[in-house]
Amino acid sequence: ISTLLIAGQPDTMLPTVRERLKAFFQRGGSALIMTTGAPITGREPRASGREPAWNAFLKPFGVKVRPDLVYDLSSNQIVPVPGQGGAPVYQPYPFWVRAQAGGGTVVTDGVGEIFLPWASSIEILPGAMSKVQPLLMSSRAAGIAEGDIDLSPTRQFPPTDLKARVLGVSVMPGDSGIGPRGRIVLVGNMEFATDRYAGSATENAVFALNAIDWLAQDEALISIRSRDRRPPRLLFSSPTLQQGVKYANVAVLPVLVAVVGIVRLVGRRRRALTPWTPLAGGPFGASLGDYRGWFLIPGLLGVLLFSRMVSRIEWVSRWALAVIIGVYAGLKTTGFAQGDLVAQVQASLQPLWSSDVWTGVNAILFTIGLLASLLYFFYSREHKGVLGIAARTGIVFLMVSFGAGYGYTVMSRLSLLIGRFQFLLEDWLGMK
């Protein structure tokens, strides 16, 4: 075993377990450690700050989890709070931090924000021999609560000692060769990757999977995993243009709607003054909304289906089946082509050259993989020569893509398993 996933804050630890973990880290083992310095005690909305048991193992790496909880007055989650009359009132909850992912690391590749409920800050110890890289940071409007902490959303959050707090770090061996040889990813929250929170915050799961791949030194899967799918933020060349677009959306659009309504109202009044001329109606007056006569066609097709009961004229039912299946297939084919086929073809047509060198390289590799994979399924000629080389290249791309998908599925199931074990051990058996 070279990589461990550690989640929780144990009250005590057996000496045998302590020695085995110490030996694991001494021989270069890696671990994703998700813990807190202020676990929630009991059913009351309160937490008590205490030194995590994992700090004894983290000290050689040059980091520690502080016995506190971070509240962020700027970047947080909105929660419903009971108001007057029982109606919910939505207000920010600073203890539910939306941490910003640091750039320049493979662990945060494709990750925007991480949802951390009741997170503790991480301290980087002076004189650390390892390379410590902050991964998750709060905003500059973050403070800390220590001791006996009230978790109620209606409590007061003092705006004192506000600054950016470190909530997650990665540690790897230093260049000097002194210190631990393994890697760790430390997050000051032990529940962000459980199914309770990762289900609604998908970037939490992406971050956890990236961390596991980095700890196992298998960064190739990180580049294959899906990127941040959120719409990109609008960028404006000047604040004046930004304010102009803002007030245009606020004022111009309602004015345009009002103008269109006035024009339509004037047109209706003009048509009201025009003498009425009756149009030809009847059962086939589809232009007037009368479709009664056209219902005879599907009715006739339905009656023809019963001709299968008579052997001499059962062939007539084939006409009805052909029309029904053909119309249904045509409707479904059009919907499938517009929803799946056309969208996939458009996503595959990427520009090969870009201002960003790595974006262009990625597009070229994607195009080569797409063409090679398609040639692998070309069976009109034997796979020899250039076609054989392309087909074998396509097999490699297919194996990598299927392996990445399977690995993503396995990691997601492991996350679910961790959540179930945590529920059984903590919530059901009370082993906290």
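The values are calculated or read from the model by the stated rules, or taken from the named source; none is laboratory data. From a predicted model like this one, the values you see are computed outputs, not experimental measurements. Every residue, glycine among them, receives a Cβ derived from its backbone with ideal geometry; neighbour counts consider all protein chains shown. Note: areas computed on protein heavy atoms with side chains; ligands, DNA, RNA excluded. Shrake-Rupley method; radii C 1.70, N 1.55, O 1.52, S 1.80 Å.
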*Determine the pairs where a residue that is under 13 Å from M190 (Cα atoms) and in contact (Cβ under 8 Å) with a residue 12 or more places away in the chain, located within region 410-432, has a partner that is assigned to a helix (DSSP H, G or I) and open to solvent by 90 Å² or more (accessible area, probe 1.4 Å) with Cβ atoms under 9 Å apart, the partner being 6 or more residues away or on another chain.*
G419/R196
*T41 passes all but one of (1) among the polar types (S, T, N, Q); (2) over 23 Å from S170 (Cα atoms); (3) surrounded by 15 or more Cβ atoms within 10 Å (Cβ to Cβ); which number fails?*
(3)
*If you scan region 163-184, which residues turn out to be in contact with a Leu (Cβ under 7 Å, 6 or more places away or on another chain) and open to solvent by 30 Å² or more (accessible area, probe 1.4 Å)?*
R183
*Of the conditions (1) surrounded by 16 or more Cβ atoms within 10 Å (Cβ to Cβ); (2) more than 23 Å from P39 (Cβ to Cβ); (3) among the hydroxyl-bearing types (S, T, Y), Y93 clears all except one; give me its number.*
(2)
*Residues of region 137-161 being under 19 Å from A99 (Cα atoms) and loosely packed, with under 13 Cβ neighbours inside 10 Å, which ones?*
P159, D161
*For region 373-395, state whether one or more residues are out of contact with any His (no Cβ under 7 Å at 6 or more places or on another chain), hydroxyl-bearing (S, T, Y), surrounded by 15 or more Cβ atoms within 10 Å (Cβ to Cβ) and farther than 19 Å from V345 by Cβ.*
yes
*asked:* I'd like the full set of residues that are outside any strand (DSSP E or B), touching a residue at least 60 places away in the same chain (Cβ under 8 Å) and open to solvent by 50 Å² or more (accessible area, probe 1.4 Å), limited to region 4-34.
replied: D11, Q26, R27
*Long-range neighbours under 9 Å by Cβ, at least six apart or interchain, first residue surrounded by 10 or more Cβ atoms within 10 Å (Cβ to Cβ) within region 331-360, second in a loop (DSSP other than H, G, I, E, B) and among the hydroxyl-bearing types (S, T, Y)*: G360/S354
*Could you list all residues from region 319-349 that are farther than 30 Å from L370 by Cβ and touching a helix residue (DSSP H, G or I) at 6+ places or on another chain (Cβ under 9 Å)?*
W319, A320, L321, V323, I324
*asked:* I need every pair where a residue in region 131-155 that is without any contact (Cβ under 8 Å) to a residue 12 or more places away in the chain and at positive phi has its Cβ under 9 Å from the Cβ of a residue that is open to solvent by 40 Å² or more (accessible area, probe 1.4 Å) and part of a loop (DSSP other than H, G, I, E, B), sequence separation at least 6 or different chains.
replied: none
_Consider region 124-136. How many of its residues are crowded, with 19+ Cβ neighbours inside 10 Å and not hydroxyl-bearing (S, T, Y)?_
3
*Does S200 qualify as being at pLDDT 90 or above, out of contact with any helix residue (DSSP H, G or I) (no Cβ under 9 Å at 6 or more places or on another chain), small (G, A, S) and not in a strand (DSSP E or B)?*
no
*Limited to region 341-381, what total is found for residues that are part of a loop (DSSP other than H, G, I, E, B) and either of a type in the set (S, T, Y) or within 21 Å of M399 (Cα to Cα) (or both)?*
6
*Members of region 378-432 found to be touching a helix residue (DSSP H, G or I) at 6+ places or on another chain (Cβ under 6 Å), within 20 Å of G199 (Cβ to Cβ) and aliphatic (A, V, I, L, M), listed by number*: M411, L416
*If you go through region 297-313, how many residues are among the charged types (D, E, K, R) and under 16 Å from I324 (Cα atoms)?*
1
